[in-house]
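Inspection log for the structure reproduced underneath, given as structure tokens.
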Amino acid sequence: MPLSSQPLFRWRMQDAHDGAGVWKGVARFLRERRDFVDKVLNEIAVRGPMGASELEMGQKGEGGWWGWSDAKRAVECLFWTGELTTATRRGTFERVYGLPEKVLPRAIIGAPTPTREDAHRELYRRAIRAMGVATSKDLRDYFRMPVEGAKARMAELVEEGSLVPVTVKGWREQAFLDPAARWPRRVDASALLSPFDNLIWFRERTERMFGVRYRIEIYTPAAKRTHGYYVLPFLEGDALTARVDLKSDRKAGALVVQASHAEPWASEVTPVRLAQELKLMAGWLGLSSVRVEKRGDLAGPLTDVMS
């Protein structure tokens, strides 16, 4: 999220502070553990930006991704209410928390807070510009917007011309078009997509747009996985043509393709373009080679291209 967008989300910070909707747990923790929370806040104010792992305070976590310590819960709650913000992230993707007034530019801190309605309208404008065409559900999901008020805001945007109602063949729901959207003469994209990329994050839209049922399988027992542990779809042109399960072998200096699967509409060019992207990713990760393991229907063609 660009820094300039920060004022548009102050309504969400207020909701977290008040415990509205899904934020009841945040407000409850801040209320019930206020003395502890204030100590955490003071520690960061005195010492500067810190990660939760540096805060030797409160009960330790139980291990695992969601076994949060008291300190981690405190800084996350403070983050969602806007009392802390992200100063940076470390190589492990750990968030480093800091006071907004010491991290954000003065112009952002002093920017006026729009009304909830104005903020929602602007976020929907940005969502349709990013997607081009979308259902109301797609628009809400892009910035995780609430259902309440959505219909009214979208009706206002239709009236002002920021959303154009359209019918999309094969879609059951009403769709909206960005009035500035243009159909390109050629789409020459080539990219490996993170499971958290906005293009595919809303799985319902992914299936509707690309005809691909994509699920992240890191929580699925190994024996029940279809495509692998951490699978990245491959965007080729305007289609998702393959998916690869990737792992970095730092000791061997290799990006390991643990499994590779082609979609039914993949072409002979797909393994060639996919190989190029895998080499780029390996270089970006500081790895010297790509190793393809023999799992999946694309493994053979990909190995031939890589050799």
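Counting other C-beta atoms within 10 Å, and keeping those with at most 13, which DSSP coil chymotrypsin sites (Phe, Trp or Tyr not before Pro) do you find in segment 192-253?
Answer by residue number: Phe196, Tyr219.
What residue among Ala254, Ala266, Ala222 has the largest mean-square fluctuation in a Gaussian network model of the chain, using Cα springs under 10 Å?
Ala222
Only Cα pairs within less than 10 Å get springs; with that Gaussian network setup on the chain, which residue of Arg295, Arg90, Arg116 has the largest fluctuation?
Comparing Arg295, Arg90, Arg116 in a Gaussian network model of the chain, the most mobile one is Arg90.
In deg cm²/dmol and to the nearest 500, what is the mean residue ellipticity at 222 nm of the chain if only DSSP H runs of at least 4 residues count, each as -39500 (n - 2.57), divided by the residue total?
-11000 deg cm²/dmol
For a test of the definition: using alpha carbon positions, the gyration tensor, and the 1.5 limit on a/c, classify the chain as rounded, prolate or oblate.
In terms of gyration-tensor shape, oblate.
How much accessible surface does Thr92 have with a 1.4 Å probe, in Å² rounded to 10?
120
How big is the C-alpha Rg of segment 170-257 next to the rule-of-thumb value 2.2 N^0.38 Å, as a ratio?
Dividing the Cα Rg of segment 170-257 by 2.2 N^0.38 Å gives 1.32.
Given the protein chains as shown and a 1.4 Å probe, how many square angstrom of Lys247 are accessible, to the nearest 10?
Solvent-accessible area, nearest 10 Å²: 120 Å².
With every protein chain present, what accessible area does His17 have (1.4 Å probe, heavy atoms only), rounded to the nearest 10 Å²?
His17 exposes around 110 Å² with every protein chain in place.
How much area per residue is accessible in the chain when the probe is 1.4 Å and only protein heavy atoms are counted (Å²)?
58
Quick one: pull the percent of accessible area on the chain belonging to carbon and sulfur, 1.4 Å probe, ligands and nucleic acids left out.
C and S atoms contribute 53 percent here.
To make sure I understand the rule: partners must be aspartates and glutamates, Cα under 20 Å from the Cα of Lys102, and not fewer than 8 residues away in the same chain. Which ones qualify?
Those aspartates and glutamates meeting the cut-off are Asp38, Glu43, Glu54, Glu76, Glu83, Glu94.
Using only alpha carbon pairs under 8 Å that are at least six residues apart, calculate the relative contact order of the chain and give it in whole percent.
10
Given Lys224/Lys279; Lys72/Lys224; Lys24/Lys72, which pairs have Cα atoms separated by over 24 Å?
Checking Cα-Cα distances, Lys224/Lys279; Lys72/Lys224 exceed 24 Å.
Springs between alpha-carbon pairs under 10 angstrom, Gaussian network model over the chain: which of Val46, Val22, Val168 fluctuates most?
Evaluated over the chain, the most mobile residue of the options is Val46.
Given axes a ≥ b ≥ c from the Cα gyration tensor, I'd like to know whether segment 117-164 is rounded (a/c under 1.5), prolate (a/b larger than b/c) or oblate.
Verdict is rounded for segment 117-164.
The values are calculated or read from the model by the stated rules, or taken from the named source; none is laboratory data. Worth saying up front: this structure is predicted, and the values here are computed from it rather than measured. A quick note on method: Cβ atoms are made from the backbone with ideal geometry, for glycine too, and the neighbour counts reach across all protein chains shown. Just the protein is used for accessible areas: all its heavy atoms, side chains included, with ligands, DNA and RNA removed. Shrake-Rupley method; radii C 1.70, N 1.55, O 1.52, S 1.80 Å.
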